[in-house]
Amino acid sequence: MKIAVLVPAWKRPEVLRVAFDHWKNPQKKLKIELFFCFVLSPTDPYYDENLAILSDFLAKSEHNGIIVKADNNPLGSKMNDGLRILQAYKWDYLMNFGSDDILSDLYWLRFYPHLHNRDEYIVMNLVVFVDCIKKEAILATYPIVGAGRLIARRLIDETMDYLGFVYTPKLNSGMDTSSRNNIQSVCTFSTTLVKGAYVADLKTFTNINLYQEIKQA
């Protein structure tokens, strides 16, 4: 089983370093191969530092990967740039992973049975939003959490072929919902909800607004 991991990174090298210092590898017995696609913009003022962090991660890990240079367009456009390059490689599932996310320890063990079953859209609905400024956290549930989603290759290819994109090109936020809506407009699929796994989403000054909205709710 081969999983392509798509990761856009912009600024915040200190958060990126935490995310990949805490990266969780699949257990050996699961026989899952990962292929990373990091999308960076050379105009990022922290480009060199982020490039060094990710290059070091690839050099020290057992996984292969590529680093894609993309223009500083909206996030959706950059993610599509990475996805188009990924389509030239062989993989079975696409994993959405944010550069400010941390997977729970049981992530791979909980997801594996659904991979083995060839479910096409595998998600979890539990997320811990961490305010890195005030050092507090909120546990929240949503119908579908974007980070850590595993999406079958068929859904990606058919959506790309029909729409020319999976992620709405002009959006800088809301990637999870918009990409699912785009896939759903083209493909018929069932959603598999995984229990016992979660993601921690690190919030800083650049994306703290969402945290405040969740906290007030």
### Query
For the chain, what does -39500 (n - 2.57) per DSSP helix run (n ≥ 4), summed and divided by total residues, give at 222 nm, in deg cm²/dmol to the nearest 500?
-10500 deg cm²/dmol
#### Entry: FRET efficiency, Lys195 to Lys170 (Cβ-Cβ, R0 35 Å, nearest 0.05)
0.50
### Query
Over all Cα pairs of segment 65-106, how is the pair count split among 5 Å bins, expressed in % and running from 0 up to the last occupied bin?
5, 16, 26, 25, 15, 10, 3, 0
### Task
Rounded to whole Å and sorted largest first, list the principal axis extents of the Cα atoms in the chain.
41, 37, 36
### Message
With a 1.4 Å probe and all protein chains left in place, how much of the accessible area of the chain comes from carbon and sulfur atoms, in whole percent?
### Response
51 percent
### Task
Find the accessible area per residue for the chain; the probe is 1.4 Å, ligands and nucleic acids are left out, and the unit is Å².
49 Å²
### For the chain, built as a Gaussian network whose Cα springs stay under 10 Å, the top-fluctuating residue of Asp201, Asp105, Asp56
Asp56
### Task
Determine the gain in length on full extension of the stretch Tyr162-Leu106; use 0.36 nm per residue of separation and subtract their C-alpha separation, reporting nm with one decimal.
16.6 nm
### Message
At R0 = 30 Å, how high is the FRET efficiency between Leu30 and Ser185 if r is their beta carbon distance? Nearest 0.05 is fine.
### Response
0.40
## Note on the structure
Mean-square fluctuation maximum in Gaussian network of the chain, Cα pairs under 10 Å, restricted to Ile102, Ile85, Ile122, hits Ile85
## Note on the structure
Given a Förster distance of 30 Å, the FRET efficiency implied by the Cβ-Cβ spacing of Asn72 and Asp92, rounded to the nearest 0.05, works out to 0.45
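The values are calculated or read from the model by the stated rules, or taken from the named source; none is laboratory data. Bear in mind the structure is a predicted one, so any value in this text is a computation, not a measurement. For neighbour counting, all protein chains shown are included, and Cβ atoms are generated from backbone atoms with ideal geometry for every residue, glycine included. Heads up: the accessible areas ignore ligands, DNA and RNA and are worked out on the full protein's heavy atoms, side chains in. Shrake-Rupley method; radii C 1.70, N 1.55, O 1.52, S 1.80 Å.
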